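Okay, so here's the structure we're looking at.
The values are calculated or read from the model by the stated rules, or taken from the named source; none is laboratory data. Remember, predicted model here, so these are calculated numbers, not experimental data. In this analysis, Cβ positions are derived from the backbone assuming ideal geometry, glycine residues included, and neighbour counts consider all displayed protein chains. Side chains are part of the model used for accessible areas, which takes the heavy atoms of the whole protein and leaves out ligands, DNA and RNA. Shrake-Rupley method; radii C 1.70, N 1.55, O 1.52, S 1.80 Å.
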Amino acid sequence: MPMLRIEIAATDQIEAKRIQSVYQRGERNVKLDDEATAETWRAGYTPAGRPVFVGLTNGEPLSYRFDVPVETSVR
């Protein structure tokens, strides 16, 4: 299934590391998942599953990275 890469700006380095550890433990941050799904809709794609946390960007501004499975068939 095709994936769309979504980046969401992080508030600060400390919060970003805390969120990253939440995902590494296998837990979810529902607010960020919902934001990634909403961003997928805004980009013009239909989400076909739950966003997958990929990690953090290595620069400024710091961002969370998600891969969101998207529907590509035209009906």
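What the table below lists for this structure:
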quantity	calculated
Approximate spin-label separation ASN58-THR72, in nm, with each point projected 7 Å along Cα-to-Cβ	2.8 nm
SER63 long-range amide H proximity, modeled H, under 5 Å	ALA10, THR57
Rounded to the nearest 20 debye, dipole of the chain from Cβ charges on Lys, Arg, Asp, Glu	200 debye
Surface share of carbon and sulfur [accessible, 1.4 angstrom probe, percent] for the chain	49 percent
Low-density loop cleavage sites - trypsin sites (Lys or Arg not before Pro) in the range 1-51, where at most 13 other Cβ are within 10 Å (DSSP)	ARG25, ARG28
Förster-model FRET efficiency, 22 Å R0, MET3 and GLN24, C-beta, rounded to 0.05	0.65
Inter-site label distance for GLN13 and ARG65 at 7 Å from Cα along Cβ, in nm	1.9 nm
Cβ-based net charge around PHE66, under 10 Å, with every Lys or Arg adding one and every Asp or Glu removing one	-2
In Hz, Karplus ³J(HN,Hα) per residue of the range 25-39 (6.51, -1.76, 1.60; θ = phi - 60°; x = Gly, Pro)	7, x, 8, 10, 10, 4, 4, 5, 4, 5, 5, 5, 5, 5, 5
Distance between the range 1-27 and the range 40-75 - C-alpha centres, whole angstrom	11 Å
